[in-house]
1. If a residue must be surrounded by fewer than 17 Cβ atoms within 10 Å (Cβ to Cβ) and of a type in the set (A, V, I, L, M, F, W, C), how many such residues does segment 163-177 contain?
2. Does residue 68 satisfy being in contact (Cβ under 8 Å) with a residue 40 or more places away in the chain and surrounded by fewer than 15 Cβ atoms within 10 Å (Cβ to Cβ)?
3. Among (1) surrounded by 13 or more Cβ atoms within 10 Å (Cβ to Cβ); (2) modelled with pLDDT under 95; (3) not polar (S, T, N, Q), which single condition is residue 282 missing?
4. Collect the residues in segment 223-242 that are farther than 20 Å from residue 276 by Cα and either surrounded by fewer than 19 Cβ atoms within 10 Å (Cβ to Cβ) or among the aromatic types (Phe, Trp, Tyr) (or both), keeping them in residue-number order.
5. From the set of residues in segment 183-196 that are exposed (fewer than 14 other Cβ atoms within 10 Å of the Cβ) and modelled with pLDDT of 85 or more, which is nearest to residue 149 (Cα to Cα)?
6. Considering segment 244-266 alone, what residues qualify as being among the small types (Gly, Ala, Ser) and touching a residue at least 60 places away in the same chain (Cβ under 8 Å)?
7. Only one residue in 46, 75 is modelled with pLDDT of 90 or more, out of contact with any helix residue (DSSP H, G or I) (no Cβ under 9 Å at 6 or more places or on another chain) and within 30 Å of residue 270 (Cβ to Cβ), so which one is that?
8. If a residue has to be assigned to a loop (DSSP other than H, G, I, E, B) and without any contact (Cβ under 8 Å) to a residue 40 or more places away in the chain to count, how many in segment 149-162 make the cut?
Amino acid sequence: MLSARADNPRGNFEAIYSEIHRTGNSNVLNELNSIIRDYFSKITIPDVPTLYDYLVLSMRSKDVIITFNWDPLLPQAYKRWRHLGAILPELFFLHGNVEIGIDIDKRASGFLSDGPYPGLTLVPTKLLYPIDQKDYNEDPFVSESWRRTTNYLSDAYNITIFGYSAPTTDVEARALLLKAWEDNPSRESAYIDIVDIRDPSEVEKAWADFDLGPGRNPRVGASREFLRSDLIRHPRRSCEAFAFATLQQDPWRADPFPPLETISLAQLEAWITPVIEEEHSGRLSGKPLH
């Protein structure tokens, strides 16, 4: 028997999964895992520019995109721009992903749709964890993703939080993120942009543990819309633009991506190419690249 909490189809999915996990019903758990993986594996990105394309192209190889999402949209966007060379950010999957496979013995991972890989035997990453006892150290791939994530966050200068509500039920994830942020020596001057459609008071409450208010970090933003974030207004230049505006008192003029509805994939590549070429030259917008 499952409790009413687990039987409620409108309840929190992770709470429902945790309840089923507590029953020890392996048949139900295996079926649920299979359904989830099958559902998300069928999702495909359209052949037009999307927010995922802008997200991938908005950052450079020094940067990282950290995601909790299972769906393959981010990997698909990444794959269609990798022909531009080693100019894209790294991708970390904190809850696994249907497109990512791992070879535990070889400590290697890759896109499953690219396989087979010579010398590697990739198996799908784990997706579901009971929310009240998420042991990220149990899975080698997820453990390494978290280790690298906290290293990045403890040294980050510009952070955009997009689509993550920081649920209080995700205790271990919040604890790891908070520890990394508290260890960041530049957090007093770093910029955090929270892209969230909720009321600002709800957003502030959700992130209260991170002490992002005045006196600790006066430059916390709440774009509410990703298209108004610095990643879009200053693609591939968000850190430099913020540094010049705050440290040099010399704000840069915004050079945003074209509107999504007005551009094709080919036109987007033509638009981003000179931006990338400028990086190869060692100068950004006519200013020294430090």
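The values are calculated or read from the model by the stated rules, or taken from the named source; none is laboratory data. What you see is a predicted model, and the numbers here were worked out from it, not measured in a lab. FYI the Cβ positions are ideal-geometry reconstructions off the backbone, even for glycines, and counts take in every protein chain you see.
1. Matching residues across segment 163-177 total 2.
2. Answer is yes for this residue.
3. (1)
4. 224, 225, 226, 227, 228
5. It comes out as 183.
6. 264
7. 46
8. 3
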